[in-house]
Amino acid sequence: MVAENTQSYTYKQAGVDIDAGEALVENIKPLAASTRRPGADADLGGFGGLFDLRAAGFNDPILVAANDGVGTKLKVAIDAELHGTVGIDLVAMCVNDLVVQGAEPLLFLDYMATGHLDVAQMTDVVAGIAEGCRQAGCALIGGETAEMPGMYQDKDYDLAGFAVGAAERGTLIDGSTVQAGDVLLGLASNGTHSNGYSLIRRIVGDKGFSYADKAPFDNGVTLGQALLAPTKIYVKSCLAAIKEGYVKALSHITGGGFLENVPRVMPKNTLAEIDSGAWQLPAVFGWLQNEGNIETAEMSRTFNCGIGMVVVVSAEHAAAAKEVFEEHGETVYIIGQITEGSGSPKCRVTGRAGTWGAEKNWSAITAEG
């Protein structure tokens with residue numbers, strides 16, 4: 001028997017608050033406006049975002065697109081109740097993938113999904129997205145917020161980012177000119193960036209740490225604050241070096257570490273030789289390695305280990321390229337070279353005993369992929 005229909009249902013009773021969504025849009029508008037650049041002058045509110053390539057100064061552009069997320073780093077932000085920097089991560093993971101191909105990031109769109117729309121929480125997230133866009137020089141031209149009760153727990157949310165960049169025809173970087181004798185420069189990372197967080201969270205949980213604890217490896221901040229240090233955005237420094245003609249290839253070091261990412265920008269019959277003794281492993285990675293008893297080879301394929309971007313340059317341009325990156329605020333290390341290989345491109349990481357995981361007295365490492 002069908003019950004008599006006496007109740008008047010509303011969308012809000014079902015868990016979706018349209019008024020909260022409209023309040024969020026109003027909060028977002030000035031944040032998006034702060035990212036305006038030539039080519040993107042329209043206000044939020046249309047069904048689609050607009051961009052004028054000619055106004056941005058392009059004559060015969062090739063468009064390059066990338067999308068990504070922040071992964072389970074979001075769980076750290078949710079548990080620590082710190083949401084102001086994951087938006088920077090979202091932008092960084094997309095625009096760093098654009099610049100490695102020689103493209104200038106132009107526009108960005110975000111997608112946010114949550115079980116219950118917390119306007120203050122999501123405003124913090126979008127403030128981070130706007131900051132990331134300003135760092136990258138791209139415009140936040142639109143996005144989507146989805147309130148989906150039943151799909152996510154009350155305070156949980158997920159993010160996806162979409163970036164589009166452009167380069168003039170004939171100027172894209174594809175690594176085809178990389179050859180034996182070229183030098184590998186490493187641009188320092190800003191910590192763990194946005195990779196390996198399922199392992200990080202497992203270590204934190206199994207070892208009984210709280211994100212409110214003082215960070216064992218970083219005085220003055222909590223563990224949550226230290227682990228939420230945002231992914232570094234390398235766009236402006238890389239574009240400056242590209243403009244000078246120094247860059248043969250760029251590799252954004254994300255999931256898979258050196259072993260999987262560096263070969264992606266190398267031609268056949270080449271080997272990237274990386275010396276892990278060329279830089280000091282940042283304290284957060286030493287702490288993770290020792291707390292998790294992680295083998296050094298596993299470290300090199302899971303985390304960026306202190307190098308967020310690898311740049312391939314000719315030996316004759318190495319010093320000048322290093323200077324350009326440093327002028328744009330990067331910490332730069334000469335971390336290896338390209339040698340002759342056989343078959344598919346590969347990467348090998350070797351290092352002095354004790355350079356990484358000194359407390360565990362690891363032996364000299366060799367990891368190849």
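The values are calculated or read from the model by the stated rules, or taken from the named source; none is laboratory data. None of these values were measured; they are calculated from a predicted model. Methodologically, a virtual Cβ is constructed for each residue, glycine included, from the backbone with ideal geometry; neighbour enumeration extends over all protein chains shown. The protein model used for the area step is the full one, side chains on, heavy atoms only, and it has no ligands, DNA or RNA in it. Shrake-Rupley method; radii C 1.70, N 1.55, O 1.52, S 1.80 Å.
With respect to G343, is the statement that it is assigned to a loop (DSSP other than H, G, I, E, B) and over 25 Å from V235 (Cβ atoms) true? When the stated conditions are applied, G343 passes them. When residues of the stretch 218-250 are filtered for being of a type outside the set (V, I, T) and more than 21 Å from V86 (Cα to Cα), how many remain? Count: 13.
Please give the strands (runs of 3 or more DSSP E) falling wholly within the stretch 88-190 in which 2 or more residues are more than 25 Å from F47 (Cα to Cα), out of contact with any Phe, Trp or Tyr (no Cβ under 7 Å at 6 or more places or on another chain) and among the aliphatic types (A, V, I, L, M).
Values: elements: 104-114, 139-147, 157-168, 183-188.
Counting at least 2 such residues, we get 183-188.
Of the residues making up the stretch 224-235, none is surrounded by fewer than 17 Cβ atoms within 10 Å (Cβ to Cβ) and of a type outside the set (A, V, I, L, M).
State all residues of the stretch 218-238 that are modelled with pLDDT under 95 and not acidic (D, E); if no residue qualifies, say none. Quick ask: steps written out before the conclusion?
At the first step, the residues of the stretch 218-238 found to be modelled with pLDDT under 95 are 218-220.
Once the filter is applied, which keeps residues that are modelled with pLDDT under 95 and not acidic (D, E), the stretch 218-238 yields N219, G220.
Hey, any hits in the stretch 191-208 for a residue that's surrounded by fewer than 17 Cβ atoms within 10 Å (Cβ to Cβ) and basic (K, R)? Yes, that holds for at least one residue.
Here's a check for you: in the stretch 277-303, which residue that is in a loop (DSSP other than H, G, I, E, B) and open to solvent by 30 Å² or more (accessible area, probe 1.4 Å) is farthest from L172 (Cα to Cα)?
Looking only at the stretch 277-303, we keep the residues that are in a loop (DSSP other than H, G, I, E, B), and these are 279-282, 293-295, 303.
Adding the requirement that they be open to solvent by 30 Å² or more (accessible area, probe 1.4 Å) leaves 280, 282, 293, 295.
Working: Q280: 33, P282: 33, N293: 42, E295: 37 Å.
Of everything passing the filter in the stretch 277-303, N293 is farthest from L172 (Cα to Cα).
Residue-level check: of (1) open to solvent by 30 Å² or more (accessible area, probe 1.4 Å); (2) under 20 Å from the mean Cα position of the chain (by Cα), I62 misses just (2). Contact map, the stretch 221-246: residues that are more than 16 Å from A130 (Cα to Cα) and touching a residue at least 60 places away in the same chain (Cβ under 8 Å) paired with residues that are buried (at least 20 other Cβ atoms within 10 Å of the Cβ) and among the basic types (K, R), Cβ distance under 8 Å, separation 6+ or inter-chain. Pairs shown: L227/K73; L228/K73. The single condition among (1) basic (K, R); (2) free of Cβ contacts under 8 Å to residues at least 40 places away in the same chain; (3) surrounded by 20 or more Cβ atoms within 10 Å (Cβ to Cβ) that K322 does not meet is (2). Condition check for I274 on (1) closer than 29 Å to F209 by Cβ; (2) touching a strand residue (DSSP E or B) at 6+ places or on another chain (Cβ under 7 Å); (3) open to solvent by less than 10 Å² (accessible area, probe 1.4 Å): one failure, at (1). Candidates in the stretch 125-170 are the residues that are more than 16 Å from I78 (Cβ to Cβ) and polar (S, T, N, Q); of these, the one that is modelled with the lowest pLDDT is T145. Scan the stretch 310-319 and give yes if some residue there is open to solvent by 40 Å² or more (accessible area, probe 1.4 Å), at pLDDT below 90, aliphatic (A, V, I, L, M) and over 22 Å from the mean Cα position of the chain (by Cα), otherwise no. The answer is no, given that none of the residues of the stretch 310-319 is open to solvent by 40 Å² or more (accessible area, probe 1.4 Å), at pLDDT below 90, aliphatic (A, V, I, L, M) and over 22 Å from the mean Cα position of the chain (by Cα). Selection within the stretch 132-164: residues that are more than 26 Å from P61 (Cβ to Cβ) and under 17 Å from the mean Cα position of the chain (by Cα). The member of this set that is surrounded by the most Cβ atoms within 10 Å (Cβ to Cβ) is L159. When the stretch 253-273 is filtered for residues that are outside any loop (DSSP other than H, G, I, E, B) and closer than 30 Å to N219 by Cβ, the ones remaining, listed by number, are G257, F258. The set of residues in the stretch 65-85 that are among the hydrophobic types (A, V, I, L, M, F, W, C) and either within 19 Å of V25 (Cα to Cα) or open to solvent by 60 Å² or more (accessible area, probe 1.4 Å) (or both) comprises A65, L82.
For the stretch 344-351, indicate whether the set of residues that are exposed (fewer than 15 other Cβ atoms within 10 Å of the Cβ) and modelled with pLDDT of 90 or more is non-empty. Write out each step before concluding.
Step one: of the stretch 344-351, the residues exposed (fewer than 15 other Cβ atoms within 10 Å of the Cβ) are 344.
From the residues that got through so far, the ones that are modelled with pLDDT of 90 or more too are 344.
There is at least one residue in the stretch 344-351 that is exposed (fewer than 15 other Cβ atoms within 10 Å of the Cβ) and modelled with pLDDT of 90 or more.
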